[in-house]
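Notes follow the structure.
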Amino acid sequence: MHVAIIMDGNGRWATQRGLPRTAGHRAGAQAVDRTVEAAARQGVDVLTLYAFSQANWQRPRGEVRALFGLFRRYLKEQTSRCLEQSIRLNIIGRRDRLDPRLISLIEAAEQATAHCTRMILRIAIDYSAQWSLMQVCRSFGLLVSTDHERFARQLAVVDNSLPVSQVDLLIRTGGEQRMSDFLLWECAYAELHFVSRAWPDFGEEDFQSALAEFSRRDRRYGRIEPTEPVRAQHA
Ligand code: IPE
Ligand code: IPE
Ligand code: MG
């Protein structure tokens, strides 16, 4: 079971309370702790959290700095907790634009938890699904430029057997119903679950009800159950 979460609504949560947006991000960090614990308890195998998108670089410098301060603090404080709970940490996204000190913390956290097997916690920082897909294509020699239009034309010929774990359930808090350039490939058959509650108010009960709703969904994968599927080549 792979659950991905677009943790949205921190800024509005704070603004509604007359607080600076950064207070919303701090409260959001606590919601991360709660959710990681809940996911591990519920037996989730992979949890991917969207913490900072490529587009988020366009925010005011003070807010970006506050967010990266929280990432640093999170890695420093939570690595030992992850070890205790056997949670393997993995940061996805671009690394070439991150502060070298943050990269060192990331590498240390990944190495320290590399043997952990209970759950994989992936945190997306400076992440863009479109950029990731282009990287894959470039590594296959299918693309030599970063031209979006060219990529869109070439995507049609990409092999679809990449060893990427597909997302089963995508949750987005904060009321918006969009992907915001998150895991576009991996969410090809994800169940989508939108929550109007802002991320800082998201708790274990919300996570459990998302899982409960997921378990009630009928995932047909294009088939009409319970009829025996027709083999594509004989259709
Ligand atoms: C999500 O909350 C956190 C990040 C994107 C880093 P927002 O900061 O987007 O909060 P809203 O959507 O403005 O309320
Ligand atoms: C998506 O939230 C990115 C993260 C949660 C890290 P945004 O608030 O940045 O997305 P948009 O602007 O509403 O699409
Ligand atoms: Mg937002």
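Would you mind ranking 131, 13 so that the residue whose beta carbon has the fewest other beta carbons within 10 Å leads the list?
Lowest count first: 131, 13.
If exposed means no more than 13 neighbouring beta carbons inside 10 Å and the site is in a DSSP loop, what's the longest run of the chain without any exposed trypsin sites (Lys or Arg not before Pro)?
98-177
Once you have the alpha carbon radius of gyration of the range 2-216, what is it after dividing by 2.2 N^0.38 Å, with N set to its residue count?
Compactness ratio reported: 1.02.
Using alpha-carbon positions, what is the distance between the centroids of the range 1-51 and the range 54-80, in Å?
The range 1-51 and the range 54-80 have Cα centres spaced 13 Å from each other.
What residues have an amide H closer than 5 Å to that of residue 123, excluding those fewer than 5 places away on the same chain, when H is modeled at 1.01 Å from N in the peptide plane?
The answer is 49, 90, 91, 92.
Just to check I understand the Karplus step: with θ = phi - 60° and J = 6.51 cos²θ - 1.76 cosθ + 1.60, what whole-Hz values come out for the range 71-87, glycine and proline as x?
4, 4, 5, 4, 5, 5, 7, 8, 4, 5, 5, 4, 4, 4, 9, 6, 9
Step through the residues of the range 197-205 one at a time and calculate ³J(HN,Hα) from phi using the Karplus curve (6.51 cos²θ - 1.76 cosθ + 1.60, θ = phi - 60°), rounding each to whole Hz and writing x for Gly and Pro.
For the range 197-205, the Karplus curve yields 4, 6, 3, x, 9, 6, x, 4, 4 Hz.
Could you work out how much longer the chain between residue 77 and residue 58 gets when fully extended? Use 0.36 nm per residue separation minus the Cα distance between them, nm to one decimal.
Length gained between residue 77 and residue 58: 4.1 nm.
Please compute the contact order of the chain in relative form: average sequence separation of alpha-carbon pairs under 8 Å and at least six residues apart, divided by the residue count, as a percent.
Across the chain, relative contact order equals 28 percent.
Quick one: helix 100-112 against the long Cα principal axis of the chain, what's the angle to the nearest 10°, folded into 0 to 90?
It works out to around 70 degrees.
Could you work out the Rg to Rh ratio of the range 1-56, with Rh taken as the Kirkwood radius (inverse of the mean 1/r over all Cα pairs)?
1.04
Every number in this text was worked out from the coordinates using simple rules, so none of it is lab data. On a predicted model such as this, the values are computed, not experimentally measured, just so you know. Because the Cβ atoms are built from the backbone with ideal geometry, glycine has one as well, and the counts that use them run over all protein chains shown.
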